[in-house]
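K.L.:
Have a look at this one before I ask anything.
The values are calculated or read from the model by the stated rules, or taken from the named source; none is laboratory data. Here the structure is a predicted model, which is why all the values come from computation and not from measurement. Cβ atoms come from the backbone with ideal geometry, glycine included; neighbour counts cover every protein chain shown. Just the protein is used for accessible areas: all its heavy atoms, side chains included, with ligands, DNA and RNA removed. Shrake-Rupley method; radii C 1.70, N 1.55, O 1.52, S 1.80 Å.
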Amino acid sequence: MVFARGNLRAKLWIIGDAPGADEDAQGVPFSGKAGQLLDKILEAAGVGQDEVFIANTVLCRPPGNRVPTNDEIAACAVHRNALLDLWQPPLVVLLGATAARTFLAGNRLADLRGQRVERDERAYYPTFHPAYLLRDPSKKALAWQDWQKVRDALRGLPLDDSGEHVEQADEAVEAARSLVPYAGQSVMTPEGTGRLMQVFVERCAVVLDIRPAKVTFFPTRVLAELLLRQEAV
Ligand code: URA
């Protein structure tokens, strides 16, 4: 599973399609050639690495780098939506056709590119995927126009206030983080023994596979406390 890189608190999130071979090997999104181009674009736009959070529409590499299937995209929906709900980034750049159709309900990148799309109280900026720009450099000028809009929107945002939301989120993230080392291991829960399948942060929830084909959601905080008290290992 390839999670993300950058700053979860960033106002600007950048979402690609799926990890490729380099990302799969390193566990870091956009760590190959497309990622190098993305980093150059950010640098040219004067956007620091600590000002962005970079993730993908799906967490795992589709075999042979094929386009993710609808089932694979659906399987990561909880994870994607949990992160967006919790951190509420105001600006999201969608790189390429898969991200555009996933976040903007079936719309084609060709119809959306270059626009600012307001939805769910945030602004989405669909643009070319850097891997596509590597294949067709003639599109770089158009992409740069898109990125200038993104940069201007980022610089135009009101300054941070240290709201309660961030503190609550911090607690949830701490609890979720403490559970990560247990992923894949057996844990004892109030419902019995199960395998900790996935840790994510929507309403502090954890997915547990209690029996084959049964998935149970637990608040991460509850499970983290149980583990802390050595009742659940
Ligand atoms: N392409 C993507 O969409 N994501 C990556 O992480 C790498 C390449």
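Conditions (1) within 22 Å of Q148 (Cα to Cα); (2) within 11 Å of the chain's Cα centre (by Cα); (3) at pLDDT 90 or above, marked per residue:
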position: I41; (1), (2), (3): yes, no, yes
position: I54; (1), (2), (3): yes, yes, yes
position: R61; (1), (2), (3): no, no, yes
position: T69; (1), (2), (3): no, no, yes
position: E72; (1), (2), (3): no, no, yes
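K.L.:
Out of the residues in region 87-103 that are touching a helix residue (DSSP H, G or I) at 6+ places or on another chain (Cβ under 8 Å) and more than 16 Å from the ligand (Cβ to nearest atom), state the one that is modelled with the lowest pLDDT.
P.N.:
Among those that are touching a helix residue (DSSP H, G or I) at 6+ places or on another chain (Cβ under 8 Å) and more than 16 Å from the ligand (Cβ to nearest atom), it is W87.
K.L.:
Starting from region 22-38, keep only residues that are over 15 Å from L95 (Cβ atoms) and in contact (Cβ under 8 Å) with a residue 12 or more places away in the chain, then list their pairs with residues that are more than 9 Å from the ligand (Cβ to nearest atom) and aromatic (F, W, Y) whose Cβ atoms are within a distance under 9 Å, requiring at least 6 positions of separation or different chains.
P.N.:
Qualifying pairs under 9 Å: G27/F3; V28/F3.
K.L.:
Those residues that are more than 16 Å from the ligand (Cβ to nearest atom) and open to solvent by 30 Å² or more (accessible area, probe 1.4 Å), I need them from region 56-86; list them, please.
P.N.:
Of everything in region 56-86, those that are more than 16 Å from the ligand (Cβ to nearest atom) and open to solvent by 30 Å² or more (accessible area, probe 1.4 Å) turn out to be N70, D71, A74, A75, V78, N81, D85.
K.L.:
Could you give every pair whose Cβ atoms fall below 6 Å, whose first residue belongs to region 80-98 and is under 19 Å from D152 (Cα atoms) and among the β-branched types (V, I, T), and whose second residue is more than 12 Å from the ligand (Cβ to nearest atom) and open to solvent by less than 10 Å² (accessible area, probe 1.4 Å), counting only separations of at least 6 or pairs across chains?
P.N.:
Hits for this filter: V92/W13; V92/Y124; V93/V150.
K.L.:
Give the number of residues within region 17-31 that are aliphatic (A, V, I, L, M) and within 6 Å of the ligand (Cβ to nearest atom).
P.N.:
Within region 17-31, residues that are aliphatic (A, V, I, L, M) and within 6 Å of the ligand (Cβ to nearest atom) number 1.
K.L.:
Considering only residues that are open to solvent by less than 40 Å² (accessible area, probe 1.4 Å), assigned to a helix (DSSP H, G or I) and out of contact with any helix residue (DSSP H, G or I) (no Cβ under 6 Å at 6 or more places or on another chain), which ones fall in region 1-55?
P.N.:
E23, G35, L42 - these are the residues of region 1-55 that are open to solvent by less than 40 Å² (accessible area, probe 1.4 Å), assigned to a helix (DSSP H, G or I) and out of contact with any helix residue (DSSP H, G or I) (no Cβ under 6 Å at 6 or more places or on another chain).
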